[in-house]
């Protein structure tokens, strides 16, 4: 079978850092064009937007939408209407409801819509899920603290409505949490700290529970300098399970359980190729639902201005 | 068949104004107890909370939860676990995610969980839905403006996180909108005005669209004095359809289409009795999803303090 001809839409930091190297490593898919306001890539046809790509570009089978979430629904709708397979960076959209017509359109056309959660492809996730299926959970503590100036330099969209602020990394933790726990959780309390000059939170404290009542606490912070923290600690009846470094490491009572190298984006593209072959979609909105719930139920506080 | 023995939980304004008279008018169901912090009703057993009602009260089959949304999930979980049928006032909960385990619990027990949207039982809704199934929609304008001091006097919970502020009435408009339109809509823009001293919005401007692109604009305001406005105007290819007075009236190009009297709550209890007989649930979370999306995507502005 000839490889899937893919175009990247939105050539920003995540596309350059992760998507392009991952596509190059993946059998069955090749990058054939770029659509981006910010310029193209040496040796590939380049278009400023998805409409000109589709009208004037080389034949393609699929698009990977790496644009900010606020513009992605419209691009996904255009791509699906043109019969293309669609991969969405996370978060999959700016609202939960806007995804529902896209899911329906993909279903009607037997096309693939893949809402990716890259952290779910980190090496700790599958073994953690298997462990928690066998052992009772007593409590979960999530600490997800990073320096926004390092990871999102100059990304104005992240501070706009729909850009999610600190939930842009925090949703990665929620995507892992909702994948490894055996039962659904729901938010019970949230505090969101908004810089006085910004439209998105810079920090959040969240409390979740499940029907059996065990607590899940999460602290997200964009103001971390020095060492960065992306840890999920699960107290179980068989010891403390720790997913460290965003799911790159896994330990039980301090003893390492895995030694696999991190391969999130190569695994994403492997899965995309499989989904296209099977004419299936994979869209789980649970992490975005929890973020919407946090904005809905959250008490807001105002903190000092943030300047990039 | 002997009537369903019902207890009201939360004897506030809506229970006294609407539920009690509606239950009295409905065949097949009777009010047998009250659980409420604020006192009971002459001639009926009274308990301060649902736990004591279930432990010490008369035998009951069902509960109607008329408490504020922030405490309702826990009460619904307790009632379902005790094998009772459950009716939820609107909004059905403080988050979308917290409803999912309740839906599952009702399903597992073949019990009825009924998330009511009283405005959907207003006389204009069914004929409007039938009309819009036959005629193209070009544009929708919603104006939902009322005086919070008249309709929610002293209700502190409405200004707390999870109390929804102006979305408490506004969600009624969204429950009608999502019931009469032939295709799903999604939010594209929102502005939410928060009083400086409150944790919930006092006004909101919303824009929605559907996949075909027609606009839906909604203006919600809690600061309306004088005449109150609860109107939905739909421009169609066959004229202007207006649902007035919260769905109590319906007209096409100014000509009245219906003359039925308003009977929202009696219709709610009729439906509850039918659902219980059929061992079915009816939980549509779409209106609450739109509100969560509005908080997620909405740009916040701060307006002057609100004092009750």
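Among DSSP beta bridges whose residues both lie in the protein assembly as shown, state the antiparallel percentage, nearest 5. For the protein assembly as shown, the DSSP antiparallel bridge percentage is about 55. Averaging the sequence gap over all C-alpha pairs within less than 8 Å and six or more residues apart, then dividing by the number of residues, gives segment A:35-141 a relative contact order of 19 percent. With one equal scatterer per alpha carbon and no solvent term, the Debye-computed log10 I(q)/I(0) for segment A:154-300 at 0.09, 0.19, 0.21 1/Å reads -0.34, -1.31, -1.41. For chain A, averaging the sequence separation of C-alpha pairs within contact (under 8 Å, six or more residues apart) and dividing by the residue count gives a relative contact order of 20 percent. The value for segment A:47-194 of Rg(Cα) / (2.2 N^0.38 Å) is 1.21.
Relative to the other identical copies, residue A:3 shows label-point distances of 7.4 nm, where the label point lies 7 Å from Cα along the Cβ direction and values run shortest first. Quick one: grab the alpha carbon gyration tensor of segment B:228-308, order the square roots of its eigenvalues as a ≥ b ≥ c, and give me rounded if a/c is under 1.5, else prolate or oblate depending on whether a/b is larger than b/c. Since a/c reaches 1.5 but b/c is at least a/b, the shape of segment B:228-308 is classed as oblate.
Among the DSSP beta bridges whose two residues both lie in chain A, what percent are antiparallel, rounded to the nearest 5?
Numbers: 35 of 66 bridges.
Counting only bridges with both partners in chain A, antiparallel ones make up about 55 percent.
Annotation: for a label point projected 7 angstrom from Cα along Cα→Cβ of residue B:150, residues of segment B:193-224 with backbone N closer than 19 Å are B:202-204, B:219-224.
Can you give the extra length, in nm with one decimal, that the chain gains between residue B:238 and residue B:104 once fully stretched, where that is 0.36 nm per residue apart less the Cα-Cα distance?
On the way: separation 134, 0.36 × 134 = 48.24 nm, distance 4.26 nm.
Gain in length upon complete extension: 44.0 nm.
Note on residue A:55 and residue B:59: with the Förster distance fixed at 56 Å, the Cβ-Cβ geometry gives a FRET efficiency of about 0.20. Calculated [222 nm] ellipticity per residue, helices only, for chain A: -8500 deg cm²/dmol; basis is -39500 (n - 2.57) per DSSP H run with n ≥ 4, divided by all residues, nearest 500. An ellipsoid equivalent to segment B:4-115, defined through the eigenvalues of its Cα gyration tensor, has semi-axes of 21, 15, 14 Å when rounded to whole angstrom and sorted largest first.
Of B:193, B:59, B:294, the residue with the greatest mean-square motion in the GNM of chain B, using alpha carbon springs below 10 Å, is B:59. Just to compare against my own numbers: the Cα pair-distance distribution for the protein assembly as shown, 10 Å bins, whole % per bin, please. P(r) over the protein assembly as shown, rounded to whole percents: 3, 15, 24, 26, 19, 10, 3, 0, 0. Computed over chain B with a Gaussian network model linking Cα atoms closer than 10 Å, the most mobile of B:61, B:168, B:237 is B:237. Sorted from shortest to longest, the distances between the residue A:213 label points of this copy and the other copies are 5.5 nm, with each point 7 Å from Cα along the line through the beta carbon.
With N as its number of residues, chain A has a Cα radius of gyration that, divided by 2.2 N^0.38 Å, comes to 1.00. In vacuo Debye scattering of segment B:50-127, one point per C-alpha: log10 I(q)/I(0) at q = 0.21, 0.25 Å⁻¹? Log-scaled intensity ratios, in q order: -0.93, -1.18.
Spatial offset of segment B:1-27 relative to segment A:231-256 amounts to 51 Å, using the alpha carbon center of each. In nanometres and ascending order, the distances from the residue B:16 label point to those of the other copies are 6.6 (point 7 Å from Cα along Cα→Cβ).
Compute the separation of the alpha-carbon centres of segment B:181-205 and segment A:29-98 and state it in Å as a whole number. Computed from Cα coordinates, the inter-centre distance equals 30 Å.
Name the residue, out of B:108, B:172, B:217, whose mean-square fluctuation peaks in a Gaussian network model built on chain B with Cα pairs under 10 Å. Ranking B:108, B:172, B:217 by mean-square fluctuation puts B:108 first.
Within 10 Å of the Cβ of each residue in A:296-304, the mean number of Cβ atoms contributed by other protein chains is 5.
Once you order the gyration tensor axes a ≥ b ≥ c over the Cα atoms, which shape class does segment B:156-238 get: rounded for a/c under 1.5, otherwise prolate or oblate by comparing a/b with b/c? List each step's numbers first, then the result.
Values: a/c = 2.27, a/b = 1.78, b/c = 1.28.
Cα axes put segment B:156-238 in the prolate bin.
When the chain is fully extended, how far beyond the present Cα-Cα distance does residue B:212 get from residue B:25, taking 0.36 nm per residue of separation? Intermediate values should be presented prior to the final figure.
Numbers: separation 187, 0.36 × 187 = 67.32 nm, distance 4.33 nm.
Result: 63.0 nm gained on full extension.
Values in this text are rule-based calculations from the coordinates and carry no lab data. Computed from a prediction, not measured in an experiment: that's the story for all the values here. Using ideal geometry, Cβ is built from the backbone for each residue, glycine included, and neighbour counts are taken over all protein chains shown.
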